[in-house]
Amino acid sequence: QVQLVESGGGLVQPGGSLRLSCAASESIFSVFVLGWYRQAPGKQRELVAAITNLGSANYADSVKGRFTISRDNAKNTVYLQMNSLKPEDTAVYFCNARVSTLVYWGQGTQVTVSS
């Protein structure tokens with residue numbers, strides 16, 4: 001099974017930046033879609049950003065212009081660059097990979113935006 005490990009979360013002040021990383025246990029060359037989801041207290045898990053094997057990216061309206069998703073196939077890693085962070089971005093962020101009909105999830109990393 002594919003293992004996904006997130007890192008890079010932490011505490012940051014409003015307006016600050018963080019870069020999340022998700023390392024896969026095997027090649028992501030054949031992965032159809034890599035994505036980042038988040039779940040805040042009392043909220044359902046929502047899609048933040050996704051990127052296909054062809055490099056096409058899609059973002060939630062709430063993060064457009066602030067977040068950037070990218071992938072490095074050589075390092076088997078997907079990134080989420082988060083700029084201009086807001087308190088409402090506070091959540092546990094999860095890495096997701098879709099390979100054909102199979103879906104894999106990481107364990108999550110906490111992002112807290114607070115003064």
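Summary of values
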item	result
Pairs where the first residue, in the stretch 88-110, is closer than 20 Å to V12 by Cβ and the second is open to solvent by 40 Å² or more (accessible area, probe 1.4 Å) and assigned to a helix (DSSP H, G or I), C-beta under 9 Å, 6+ apart	E88/S62; D89/S62
Count of residues meeting criterion [under 25 Å from P41 (Cβ atoms) and basic (K, R)] in the stretch 65-115	2
Answer from Q81, Q44 - the residue that is among the polar types (S, T, N, Q) and closer than 15 Å to T109 by Cβ	Q81
Subset tally (residues that are part of a strand (DSSP E or B), open to solvent by 70 Å² or more (accessible area, probe 1.4 Å) and either within 14 Å of V113 (Cα to Cα) or touching a His at 6+ places or on another chain (Cβ under 6 Å) (or both)) for the stretch 1-38	2
Evaluation of L54 against (1) farther than 18 Å from G108 by Cβ; (2) in a strand (DSSP E or B); (3) open to solvent by 50 Å² or more (accessible area, probe 1.4 Å) (one fails), failing number	(2)
Matching residues, the stretch 71-80, being out of contact with any Leu (no Cβ under 8 Å at 6 or more places or on another chain) and either modelled with pLDDT of 95 or more or on the phi < 0 side of the Ramachandran plot (or both)	D72, N73, A74, K75, T77
Search result, residues across the stretch 71-91 that are open to solvent by 10 Å² or more (accessible area, probe 1.4 Å) and over 14 Å from A23 (Cβ atoms)	Q81, N83, S84, K86, P87, E88, T90
Test set (1) open to solvent by less than 50 Å² (accessible area, probe 1.4 Å); (2) assigned to a strand (DSSP E or B) - Q110 fails condition number	(1)
Check on V48, open to solvent by less than 70 Å² (accessible area, probe 1.4 Å), at pLDDT 95 or above and over 18 Å from A97 (Cα atoms)	no
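The values are calculated or read from the model by the stated rules, or taken from the named source; none is laboratory data. Just so you know, these numbers come straight off a predicted model, no measurement behind them. All Cβ positions, even for glycine, are placed from backbone atoms using ideal geometry, and neighbour counts span all protein chains on display. What goes into the accessible areas is simple: the full protein's heavy atoms, side chains included, and nothing from ligands, DNA or RNA. Shrake-Rupley method; radii C 1.70, N 1.55, O 1.52, S 1.80 Å.
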